[in-house]
Amino acid sequence: MEVTEDAQVPGAPVARIATIMVNAVDAARLAQFWADLLGTAVSSRFEQFVWLEPAGPGAPQLAFQQVQDPTEGRRRLHLDIHGPDPAALRARAESLGAGFVEGNDIGDFHWDVMQDPEGNEFCIAGD
């Protein structure tokens with residue numbers, strides 16, 4: 001199947017994968033491991049989160065979220081989907097079968113945790 005740049009569904013909200021978030025018991029150590037392996041650097045830290053520099057302009061960032069216990073099973077990472085209208089993205093996701101899990105705030109940054117139709121978690125936030 002060939003995908004072209006104009007494959008955007010008319011009327012669908014703009015969305016991009018902003019972050020691939022990995023759960024880690026030691027987020028700083030794991031972030032440094034991946035930074036060293038990928039030849040990049042840690043770009044920022046905030047509370048329990050550590051982000052690496054993206055591979056290039058517009059590329060998603062690899063990031064690490066400090067968790068208290070190792071994540072069991074296959075849900076050790078999730079996608080962060082960002083766009084200029086997160087409410088429209090959430091509505092679109094729900095219309096396609098996603099479910100809302102919870103909303104979170106750190107300062108003035110808000111994101112919603114969602115589940116796809118098979119229960120895989122992802123987050124929606126504004127740019």
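Could you tell me which residue of the stretch 41-69 is modelled with the lowest pLDDT, considering only residues that are polar (S, T, N, Q) and out of contact with any helix residue (DSSP H, G or I) (no Cβ under 8 Å at 6 or more places or on another chain)? Ranking the candidates gives 68 first. Within the stretch 104-119, restricting attention to residues that are loosely packed, with under 12 Cβ neighbours inside 10 Å and not aromatic (Phe, Trp, Tyr), which residue is nearest to residue 49 (Cα to Cα)? The selected residue is 106. Scanning the stretch 12-29 for residues that are assigned by TED's automatic domain parsing to the domain that holds residue 55 and in a loop (DSSP other than H, G, I, E, B) returns 25, 26. Just one of the numbered conditions (1) assigned to a loop (DSSP other than H, G, I, E, B); (2) surrounded by fewer than 12 Cβ atoms within 10 Å (Cβ to Cβ) is not true of residue 40: (2).
Of the candidates 62, 77, the single residue that is within 17 Å of the chain's Cα centre (by Cα), closer than 16 Å to residue 121 by Cβ, touching a residue at least 24 places away in the same chain (Cβ under 8 Å) and crowded, with 16+ Cβ neighbours inside 10 Å is 77. Considering the stretch 46-127, the qualifying strands (runs of 3 or more DSSP E), each wholly inside and each with 1 or more residues that are within 19 Å of residue 34 (Cα to Cα), run over 49-52, 61-66, 77-83.
Would you mind stating whether residue 88 is touching a residue at least 60 places away in the same chain (Cβ under 8 Å), more than 15 Å from the chain's Cα centre (by Cα) and surrounded by 14 or more Cβ atoms within 10 Å (Cβ to Cβ)? Spelling it out, residue 88 is indeed touching a residue at least 60 places away in the same chain (Cβ under 8 Å), more than 15 Å from the chain's Cα centre (by Cα) and surrounded by 14 or more Cβ atoms within 10 Å (Cβ to Cβ).
The values are calculated or read from the model by the stated rules, or taken from the named source; none is laboratory data. Nothing here was measured: the structure is a model prediction, and the numbers come from that model. We place every Cβ from the backbone using ideal geometry, glycine too, and count neighbours over all the protein chains shown.
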